[in-house]
1. Nearest 5 is fine: what % of DSSP beta bridges in segment 36-240 come out antiparallel, could you say?
2. Which of rounded, prolate, oblate describes the chain, given a ≥ b ≥ c as roots of the alpha-carbon gyration tensor eigenvalues and a/c under 1.5 marking rounded, otherwise prolate only if a/b is larger than b/c?
3. Quick one: if you stick a label point 7 Å off each Cα along the C-beta vector at Asp186 and Val32, how many nm between them?
4. Determine ³J(HN,Hα), in whole Hz, for all residues of segment 146-153 in sequence, where each value follows from phi through the Karplus function 6.51 cos²θ - 1.76 cosθ + 1.60 and θ = phi - 60°; x replaces Gly and Pro.
5. When the Cα atoms of segment 138-241 are enclosed in a convex hull and the volume is divided per residue, what value in Å³ results?
6. Given the options Phe87, Ala192, Val105, identify the residue whose Cα lies farthest towards the positive end of the charge dipole of segment 36-240 (+1 on Cβ of Lys, Arg; -1 on Cβ of Asp, Glu).
7. Only four residue types carry charge here, +1 at the Cβ of Lys and Arg and -1 at the Cβ of Asp and Glu. Report the dipole size of segment 36-240 about the Cα centre in Debye, rounded to the nearest 20.
8. Enumerate the amide H contacts of Asn217 below 5 Å, restricted to partners 5 or more residues apart or on another chain; note that Pro and chain-start residues carry no placed amide H.
Amino acid sequence: MMFGRIITFTIILLTETGMFCGAALATTLPPVKEYIELNHPLHENMTTYPGLSEVELYTRLERGKNGAIIDGIKLLGISGTYIDAPFHADPHGKKISDYDLRQLVNLPVVIVRLPPGEKIFFSSAFQGKNVAGKAVLLMTGRDRLFGTEAYSDNPPYLSAEGAKWLAKNHAALVGIDSVLIDNYNDASSIPAHDILLKNNVVVAEDMTNIGSLMGKNAYLTAVPPRVPMASFPARIFAAVY
Ligand SMILES: [Zn+2]
């Protein structure tokens, strides 16, 4: 009796979606409800990291008789919203172009809010969460100040101890909506970068709009061009199923 009900349900599901020919495909490729941008658009003279944010757009070939324009851009890898590769912290580490797409595409999202009144993410903020293979998004709310001087004024960050917990528990990617995942006020070391990147965890910084994913079944994609660099902007977004 119970078996019969299950079969009926499966047939109705396939009829309603009307686009798949097999039950396995229907369950692995559900329709996307919405796409949500998690990146800041790039534009000329924008400021991301104070003093290190060059973005220059230019026209290489003006429109000719055929109507086509060829334009270009000069920028630093840490402009706008971007990801870091291990090469950023380790001269022998792999570069942006070496990332496997499996590290960057369709990662289940886990959101971690900065505890009220605190400035640092410690492992206590992650305890009990399953982060294995997931994109862990550290939500500080700082993105609302992006492009202003206040954005880099005493910003929140991830502690070395918190980074160790995330690496040990096999997070795939760790992103933050702030200017730096390490302590901006102490440039003498970057322990969160060191720990995450050396453990093959992708680092994403200067993200935005993380709060829009709250309560949603979201999967993150963060794919830059295949450049042999330490960091590069990516159109980071989430698909919501
Ligand atoms: Zn970084």
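Read the figures in this text as sums done on the coordinates, not as results from a lab. The structure displayed is predicted, hence computed values, not measured ones. Positions of Cβ are backbone-derived with ideal geometry, glycine not excepted, and every protein chain shown enters the neighbour counts.
1. Details: 21 of 35 bridges.
In segment 36-240, DSSP labels about 60 percent of beta bridges as antiparallel.
2. Oblate.
3. Inter-label distance under the simple model: 4.1 nm.
4. Whole-Hz 3J(HN,Hα) from phi for segment 146-153: 3, x, 10, 5, 5, 4, 9, 8.
5. Hull volume over Cα atoms, normalised by residue count, gives 121 Å³.
6. In segment 36-240, that residue is Val105.
7. Here segment 36-240 has a charge dipole of around 740 debye.
8. Tyr241
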